[in-house]
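One structure is given here, and the rest of the page talks about it.
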Amino acid sequence: MGLSKRESRKRIHLRIRKKINGTANNPRLCVYRSNKGISCQLIDDRAGATICAASHKEVKSANKIDQAKAVGKLIAEKAGAKNIGNAVFDRGGFLYHGRIKALADAAREAGLNI
């Protein structure tokens, strides 16, 4: 019997995490997408700490793509306030299209170098 969608995503995420590592100056931008919304965090893996986070609960928007763009802009603004200009993108096992791509593009446009 094949893997469920959740198990498959977890396996892909672990494979990605073997290659991606965040530091204090170049943190990991980790994205999580659910049916209702999207959230992301900037994580320093060496210290094991979240630097800042943004969620769909902090923004108001009409549809999910606009919601993802607003969260991407918000995380870039929070990163800029903490003098972070670079990040490594961790798509969390999700395919890079739709809301994940919209969040990354909005973060880039707002000044975060991914």
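The values are calculated or read from the model by the stated rules, or taken from the named source; none is laboratory data. None of the values given here were measured: they were computed from a predicted structure. Neighbour counts are summed over all protein chains in view; Cβ atoms, including those assigned to glycine, are modelled from backbone coordinates with ideal geometry.
Miscellaneous remarks
- Residue in segment 93-103 that is at pLDDT 95 or above, under 18 Å from Ile20 (Cβ atoms), touching a Lys or Arg at 6+ places or on another chain (Cβ under 8 Å) and part of a helix (DSSP H, G or I) present: yes
- Among the residues making up segment 1-28, those that are touching a residue at least 60 places away in the same chain (Cβ under 8 Å) and β-branched (Val, Ile, Thr) are Ile12, Ile16, Ile20.
- Considering the conditions (1) on the phi > 0 side of the Ramachandran plot; (2) among the polar types (S, T, N, Q); (3) surrounded by 13 or more Cβ atoms within 10 Å (Cβ to Cβ), Asn83 is excluded by exactly one of them, (3).
- Tally, over segment 104-113, of residues that are part of a helix (DSSP H, G or I) and in contact with a helix residue (DSSP H, G or I) (Cβ under 6 Å, 6 or more places away or on another chain): 2
- Consider segment 1-49 and keep the residues that are of a type in the set (S, T, N, Q) and closer than 14 Å to Phe94 by Cβ. The one that is surrounded by the most Cβ atoms within 10 Å (Cβ to Cβ) is Ser39.
- Pairs are defined by a Cβ separation below 9 Å, a sequence spacing of at least 6 or placement on different chains, a first member in segment 75-89 that is of a type in the set (Lys, Arg), and a second member that is crowded, with 17+ Cβ neighbours inside 10 Å; the pairs so defined are Lys78/Leu42; Lys78/Ile51; Lys78/Cys52; Lys78/Ala54; Lys78/Ile84; Lys82/Leu42; Lys82/Ile51; Lys82/Cys52.
- Complete set of residues in segment 36-74 that are touching a Pro at 6+ places or on another chain (Cβ under 7 Å) and either over 25 Å from Asn25 (Cβ atoms) or hydrophobic (A, V, I, L, M, F, W, C) (or both): Leu42, Ile43, Ile51
- Arg99 vs. criteria surrounded by 13 or more Cβ atoms within 10 Å (Cβ to Cβ), of a type in the set (Lys, Arg), in contact with a helix residue (DSSP H, G or I) (Cβ under 6 Å, 6 or more places away or on another chain) and touching a residue at least 60 places away in the same chain (Cβ under 8 Å): yes
- Residue in segment 29-39 that is in contact (Cβ under 8 Å) with a residue 60 or more places away in the chain and more than 20 Å from Ala102 (Cβ to Cβ) present: no
- Applying the criterion of at least 3 residues that are under 19 Å from Glu109 (Cα atoms) and touching a Gly at 6+ places or on another chain (Cβ under 7 Å) to the strands (runs of 3 or more DSSP E) found wholly in segment 1-88 leaves 28-33.
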